[in-house]
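Enquirer: Once you've had a glance at the structure underneath, I'll fire off some questions.
The values are calculated or read from the model by the stated rules, or taken from the named source; none is laboratory data. Since the structure is predicted, the reported quantities are computational estimates derived from the model, not experimental observations. FYI the Cβ positions are ideal-geometry reconstructions off the backbone, even for glycines, and counts take in every protein chain you see. Accessible surface is based on the protein model in full, side chains and every heavy atom, while ligands, DNA and RNA are left aside. Shrake-Rupley method; radii C 1.70, N 1.55, O 1.52, S 1.80 Å.
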Protein chains: 2
Amino acid sequence: MLSGEVRARLVAIVGEENLLDSTQDLIVYSYDATPNYQAMPDAAIMPRQTQEVSEIVKVCNEEKVPIVPRGSGTNLCAGTTPVEGGIVILFQHMDQIIEIDEENLTVTVEPGVITQEMIEAVEEVNLFYPPDPSSMKISTIGGNINENSGGLRGLKYGVTRDYVIGLEVVLPNGDIIRTGGKLAKDVAGYDLTRLLVGSEGTLGIVTEATLKLVPKPKTKKTMLALYDCLEDAAKTVSKTIAAQIIPTTLEFLDQPTVQVVEDFANIGLPTDVGAVLLIEQDGEPEVVERDIEKIAQICRESNALSVEVAETVEQGEQLTAARRSALSALARMKPTTILEDATVPRSKIAEMVRAIEQIAEDHNVQICTFGHAGDGNLHPTCMTDAREKEEMQRVEEAFEDIFAKAIDLGGTITGEHGVGIMKAPYLAWKVGEEGVTAMKAIKQALDPNNIMNPGKMFAKSARKRVVVSR
Amino acid sequence: MLSGEVRARLVAIVGEENLLDSTQDLIVYSYDATPNYQAMPDAAIMPRQTQEVSEIVKVCNEEKVPIVPRGSGTNLCAGTTPVEGGIVILFQHMDQIIEIDEENLTVTVEPGVITQEMIEAVEEVNLFYPPDPSSMKISTIGGNINENSGGLRGLKYGVTRDYVIGLEVVLPNGDIIRTGGKLAKDVAGYDLTRLLVGSEGTLGIVTEATLKLVPKPKTKKTMLALYDCLEDAAKTVSKTIAAQIIPTTLEFLDQPTVQVVEDFANIGLPTDVGAVLLIEQDGEPEVVERDIEKIAQICRESNALSVEVAETVEQGEQLTAARRSALSALARMKPTTILEDATVPRSKIAEMVRAIEQIAEDHNVQICTFGHAGDGNLHPTCMTDAREKEEMQRVEEAFEDIFAKAIDLGGTITGEHGVGIMKAPYLAWKVGEEGVTAMKAIKQALDPNNIMNPGKMFAKSARKRVVVSR
């Protein structure tokens with residue numbers, strides 16, 4: 001609980017109406033989209049402007065009160081669970097699109113803007129913001145920046161980091177800094193912009209962001225290819241890239257995922273196939289036409305059972321929606337759904353999926369796999385029940401094996417979900433103890449009192465998943 | 001001078017033949033491409049592999065000997081001048097292309113590889129590495145990474161940072177770490193990869209890099225547009241982007257630069273025009289054709305005096321070569337050539353060029369301006385004589401005014417050349433004292449003994465240009 005004095009100082013900054021600390025409020029902000037992590041904050045606070053954020057941070061830094069900046073809490077690494085208490089900062093009052101600059105192809109936003117709303121706003125003036133995390137209907141740009149969110153269009157267009165070109169940030173000492181700007185090029189000092197993107201709120205609080213936009217693609221086409229076995233699907237991915245075609249989207253669903261998605265969405269997906277690829281290309285009409293034709297040919301040469309190109313935009317969107325619904329569909333199956341994002345070099349996809357199947361069998365757990373095949377970014381998803389301690393132990397062990405295999409194949413423990421609490425025990429597997437030491441040195445340098453989202457990214461112990469009943 | 005003991009320890013690592021400390025050797029490595037900075041190192045050293053780099057760094061860290069990692073010394077910010085003595089590390093023995101991976105679209109190289117040689121090697125298998133700094137014929141990839149080099153293709157394709165996806169780095173304590181990998185997505189911890197890119201050798205030594213490649217564009221076309229006044233050229237830039245066309249290259253030369261380039265290269269450029277735009281588009285043939293036609297139309301609508309599309313690839317390359325020769329051509333004019341790279345938002349180009357003209361007049365100095373108009377990245381270039389102290393004082397003041405104007409327009413003190421010694425006194429103008437403090441904290445955290453390229457990026461005093469006779 002906040003001391004009376006700290007509470008009074010915070011209320012003096014934001015007003016009584018913008019500090020929430022009733023039990024129901026605290027419960028709301030005690031968890032995020034990650035199963036099995038829950039911890040109560042001492043308060044949630046809703047600043048109205050950057051200056052207030054800075055004042056809040058100064059109080060917290062003096063009083064050593066932890067701060068968790070939170071968007072919509074859709075992250076999947078327990079990145080916004082207030083595991084050491086303290087205050088959760090919310091951006092409901094800082095949710096404006098400040099400017100769309102059509103000459104410089106930028107949009108400047110406050111952190112609380114909903115991703116999809118911003119995407120729609122820039123598309124209205126024929127511009128395009130490519131990163132499209134599955135949570136984009138409710139996620140905020142501030143959250144996307146903290147987690148360096150990916151999405152379905154990452155293969156061709158990259159991730160959030162590739163579009164953040166300027167930030168206003170409140171540092172852990174309360175200093176307000178501005179990095180980058182409406183600039184295509186800037187090498188004035190260290191790249192604090194990219195250091196902050198994906199730093200999970202552990203180095204500062206983003207209070208404004210300038211994002212790069214690109215022209216909106218003139219057209220797009222969507223197709224679906226069905227396979228008997230996943231090796232053929234993987235072969236299609238390799239051959240497409242080798243043919244110098246970079247599709248916008250190259251998504252993979254394994255058989256169990258297709259089954260579950262079809263049960264959920266009823267869009268007529270065949271449920272008896274070994275693997276499905278969802279492929280999308282966008283751009284200039286004749287190039288899209290040619291690419292889609294070539295990809296269809298590659299699918300057939302790779303033994304696709306069928307290749308279907310959506311005839312209308314609506315039909316294409318229905319196919320994409322099916323893929324986007326995978327997590328929701330899987331979440332219906334069992335009380336607890338754990339979605340991971342082990343990532344490997346693109347060429348290792350088939351090997352990784354087979355390994356996941358074997359690992360699931362070895363540990364007797366149910367894992368479906370789907371994900372961004374073109375990026376090597378897979379989402380092995382386990383349907384389980386957090387109340388079954390013994391099963392959860394096996395799930396934990398299975399995921400450990402999956403991470404180890406990903407690293408073994410030159411991959412990483414997390415492609416787009418972040419480290420948070422969930423992957424902290426495995427960070428050294430990817431970056432080495434020396435890498436963790438370097439990262440901790442940076443954290444310590446900027447946040448000596450460890451007030452910014454403490455307990456995230458760096459593990460205190462080897463303890464893995466904190467199981468708390470919800 | 002190195003103590004006998006330190007010298008002996010370094011020789012024990014690399015062998016006598018790989019430690020250079022004769023006077024002529026030291027003079028060779030006492031300066032880089034930046035005029036008017038010179039300082040003698042104590043030795044130059046040529047490690048043969050990463051392990052040797054690590055051992056060298058450990059000795060230097062123990063003995064507090066400064067280390068300056070150096071590619072080909074083509075940087076323009078005095079980034080590789082050994083201003084505090086110590087050893088210069090050379091990568092002549094670490095110059096191999098380790099692997100071109102056609103499945104994952106990556107190339108893995110040692111730092112000493114010459115940029116152009118790598119570009120040619122990947123183009124042989126129909127892949128493409130876009131960053132093309134003007135120095136690419138002699139610059140090294142290691143140097144490009146340290147400086148986050150730009151180039152003529154930056155508008156469409158971005159800069160070096162956008163292509164570095166994995167690094168092997170020796171940290172200032174001698175630890176060897178690996179960041180990233182052949183991965184389209186990786187959010188395991190802080191983005192050390194991008195923090196190191198552009199850190200000018202102040203945070204560690206790059207010993208291997210994995211770079212992202214893209215498919216080689218099928219075709220490209222080059223055109224030249226001539227204008228009476230630069231406002232019309234700037235209008236062409238704005239209108240092109242507003243028409244949703246992102247050309248590969250959109251270069252600008254003012255009248256004095258055109259005159260000097262033509263005198264040097266004799267390719268038939270008209271020397272009596274107010275401004276020239278060099279425009280290039282690459283990609284799929286029909287799209288390139290259409291874009292070039294549209295851009296030509298925009299040029300004419302913006303009052304271009306003439307618009308000429310190169311009929312052959314050779315003719316196009318001749319035009320590009322003319323632009324690439326701008327610095328060499330200008331350098332013939334006077335004993336000292338100072339090339340700057342103040343950068344502004346694209347929409348502010350005309351205003352910035354006019355301001356530069358006014359500032360040159362105010363201080364009675366000769367400044368030609370050319371650069372990457374599409375990026376807002378200008379190269380105001382001063383032809384002067386370092387021996388004329390009074391004139392140099394005026395040059396210094398003029399550049400100060402130019403930096404101030406760039407900042408005023410939402411720009412930066414350096415778009416692609418780096419801070420080094422030259423811009424260190426101005427860094428706070430861009431990032432604020434608070435930003436400099438944050439950057440210094442990171443430097444201090446990773447390099448507490450300040451052995452890595454000391455004296456760069458952060459100014460010790462307000463002293464600007466150290467004039468040393470060459």
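Enquirer: So is A:Val313 of a type in the set (A, V, I, L, M, F, W, C) and open to solvent by less than 60 Å² (accessible area, probe 1.4 Å) or not?
Expert: no
Enquirer: Continuing with the same structure: Taking only the range A:102-116 into account, find how many residues are open to solvent by less than 20 Å² (accessible area, probe 1.4 Å) and either within 11 Å of chain B (Cβ to nearest Cβ) or part of a strand (DSSP E or B) (or both).
Expert: Going through the range A:102-116 one residue at a time, the tally reaches 6.
Enquirer: Of the residues B:Ile442, B:Ile421, B:Ile413, which is among the hydrophobic types (A, V, I, L, M, F, W, C), more than 7 Å from chain A (Cβ to nearest Cβ) and either over 23 Å from B:Thr80 (Cβ atoms) or in contact (Cβ under 8 Å) with a residue 60 or more places away in the chain (or both)?
Expert: Only one candidate qualifies: B:Ile421.
Enquirer: Spot the failing condition for A:Arg323; the list is (1) at pLDDT below 95; (2) more than 18 Å from A:Leu253 (Cα to Cα); (3) of a type outside the set (A, V, I, L, M), and only one is missed.
Expert: With respect to (1) at pLDDT below 95; (2) more than 18 Å from A:Leu253 (Cα to Cα); (3) of a type outside the set (A, V, I, L, M), A:Arg323 is out only on (2).
Enquirer: Working carefully through the options B:Ala44, B:Ala121, find the one that is of a type in the set (Gly, Ala, Ser) and surrounded by fewer than 17 Cβ atoms within 10 Å (Cβ to Cβ).
Expert: Only one candidate qualifies: B:Ala121.
Enquirer: Okay, next question. Please specify each residue of the range A:333-356 satisfying the condition of being more than 14 Å from chain B (Cβ to nearest Cβ) and in contact with a helix residue (DSSP H, G or I) (Cβ under 9 Å, 6 or more places away or on another chain).
Expert: Within the range A:333-356, A:Met333, A:Thr336, A:Thr337, A:Ile338, A:Leu339, A:Val353, A:Arg354, A:Ala355, A:Ile356 meet the criteria.
Enquirer: Let me ask something else about it. Checking A:Ile246 against (1) within 26 Å of B:Asp191 (Cβ to Cβ); (2) more than 14 Å from chain B (Cβ to nearest Cβ); (3) surrounded by fewer than 21 Cβ atoms within 10 Å (Cβ to Cβ), only one condition comes out false. Which one?
Expert: (2)
Enquirer: Here's a follow-up. Report every pair of residues separated by at least 6 positions or lying on different chains whose Cβ atoms are under 8 Å apart, first residue within the range A:271-284 and at positive phi, second part of a strand (DSSP E or B) and open to solvent by 10 Å² or more (accessible area, probe 1.4 Å).
Expert: Between residues of the range A:271-284 that are at positive phi and residues that are part of a strand (DSSP E or B) and open to solvent by 10 Å² or more (accessible area, probe 1.4 Å), the close pairs are A:Gly283/A:Thr219; A:Gly283/A:Lys220.
Enquirer: All but one of (1) within 19 Å of B:Ala373 (Cβ to Cβ); (2) within 14 Å of chain A (Cβ to nearest Cβ); (3) open to solvent by 40 Å² or more (accessible area, probe 1.4 Å); (4) acidic (Asp, Glu) hold for B:Asp291; state the number of the condition that does not hold.
Expert: All conditions pass for B:Asp291, except number (3).
Enquirer: Does A:Ile407 satisfy the condition of being open to solvent by 20 Å² or more (accessible area, probe 1.4 Å), closer than 18 Å to A:Glu357 by Cα, among the aliphatic types (A, V, I, L, M) and at the interface with chain B (Cβ under 10 Å from one of its Cβ atoms)?
Expert: yes
Enquirer: Name the residues in the range B:426-469 that are at pLDDT below 95, of a type outside the set (A, V, I, L, M, F, W, C) and within 14 Å of B:Tyr37 (Cβ to Cβ), would you?
Expert: The answer is B:Arg463, B:Lys464, B:Arg465, B:Ser469.
Enquirer: Further question: Can you name the number of the only condition in (1) of a type in the set (A, V, I, L, M); (2) crowded, with 21+ Cβ neighbours inside 10 Å; (3) more than 26 Å from the chain's Cα centre (by Cα) that A:Val261 fails?
Expert: (3)
Enquirer: Here's another thing I want to ask about it. Which is polar (S, T, N, Q), crowded, with 21+ Cβ neighbours inside 10 Å, more than 14 Å from chain A (Cβ to nearest Cβ) and touching a helix residue (DSSP H, G or I) at 6+ places or on another chain (Cβ under 6 Å), of B:Ser149, B:Ser135, B:Ser139?
Expert: Only one candidate qualifies: B:Ser139.
Enquirer: Scan A:Glu208, A:Glu231 and give me the residue that is closer than 30 Å to A:Leu195 by Cα, in contact (Cβ under 8 Å) with a residue 40 or more places away in the chain, surrounded by fewer than 24 Cβ atoms within 10 Å (Cβ to Cβ) and more than 10 Å from chain B (Cβ to nearest Cβ).
Expert: That would be A:Glu208, the only listed residue that is closer than 30 Å to A:Leu195 by Cα, in contact (Cβ under 8 Å) with a residue 40 or more places away in the chain, surrounded by fewer than 24 Cβ atoms within 10 Å (Cβ to Cβ) and more than 10 Å from chain B (Cβ to nearest Cβ).
Enquirer: Scan B:Leu155, B:Leu127, B:Leu167 and give me the residue that is over 12 Å from the mean Cα position of the chain (by Cα), in the same structural domain as B:Thr193 (by TED's automatic domain parsing) and open to solvent by 10 Å² or more (accessible area, probe 1.4 Å).
Expert: The conditions single out B:Leu155.
Enquirer: Right, next: If you go through the range A:57-78 one residue at a time, how many are part of a helix (DSSP H, G or I) and either open to solvent by 20 Å² or more (accessible area, probe 1.4 Å) or among the β-branched types (Val, Ile, Thr) (or both)?
Expert: Looking only at that region, the number is 6.
Enquirer: I've got another one for you. Can B:Gly371 be described as touching a Leu at 6+ places or on another chain (Cβ under 7 Å) and either on the phi > 0 side of the Ramachandran plot or within 7 Å of chain A (Cβ to nearest Cβ) (or both)?
Expert: Considered against the rule, which asks whether it is touching a Leu at 6+ places or on another chain (Cβ under 7 Å) and either on the phi > 0 side of the Ramachandran plot or within 7 Å of chain A (Cβ to nearest Cβ) (or both), B:Gly371 comes out as yes.
Enquirer: Need a quick list: helices (runs of 4 or more DSSP H) entirely within the range B:302-409 having at least 2 residues that are of a type in the set (Phe, Trp, Tyr) and outside the structural domain of B:Leu230 (by TED's automatic domain parsing).
Expert: Once the helices (runs of 4 or more DSSP H) in the range B:302-409 are filtered for at least 2 residues that are of a type in the set (Phe, Trp, Tyr) and outside the structural domain of B:Leu230 (by TED's automatic domain parsing), what remains is B:389-408.
Enquirer: Could you run through the range B:338-349 and say how many residues are open to solvent by less than 20 Å² (accessible area, probe 1.4 Å) and either modelled with pLDDT under 95 or among the basic types (Lys, Arg) (or both)?
Expert: The number of residues fulfilling the criteria is 6.
Enquirer: Are there any pairs with C-beta distances below 8 angstrom linking a residue in the range A:176-199 that is more than 7 Å from every other protein chain (Cβ to nearest Cβ) and within 21 Å of A:Gly415 (Cα to Cα) to a residue that is open to solvent by less than 10 Å² (accessible area, probe 1.4 Å) and of a type in the set (Lys, Arg), with the two at least 6 apart or on different chains, and if so which?
Expert: none
Enquirer: Hey, another quick one. Does B:Ala360 fit the bill of being without any contact (Cβ under 8 Å) to a residue 40 or more places away in the chain and open to solvent by less than 20 Å² (accessible area, probe 1.4 Å)?
Expert: So B:Ala360 passes the test.
Enquirer: Looking at (1) surrounded by fewer than 18 Cβ atoms within 10 Å (Cβ to Cβ); (2) out of contact with any strand residue (DSSP E or B) (no Cβ under 7 Å at 6 or more places or on another chain); (3) within 14 Å of chain A (Cβ to nearest Cβ), which one does B:Ile267 not meet, given that it meets all the others?
Expert: The single condition B:Ile267 does not satisfy is (3).
Enquirer: Which residue is nearest to B:Arg70 (Cα to Cα), if the candidates are limited to the range B:211-224 and must be more than 7 Å from every other protein chain (Cβ to nearest Cβ) and of a type outside the set (A, V, I, L, M)?
Expert: The residue in question is B:Lys212.
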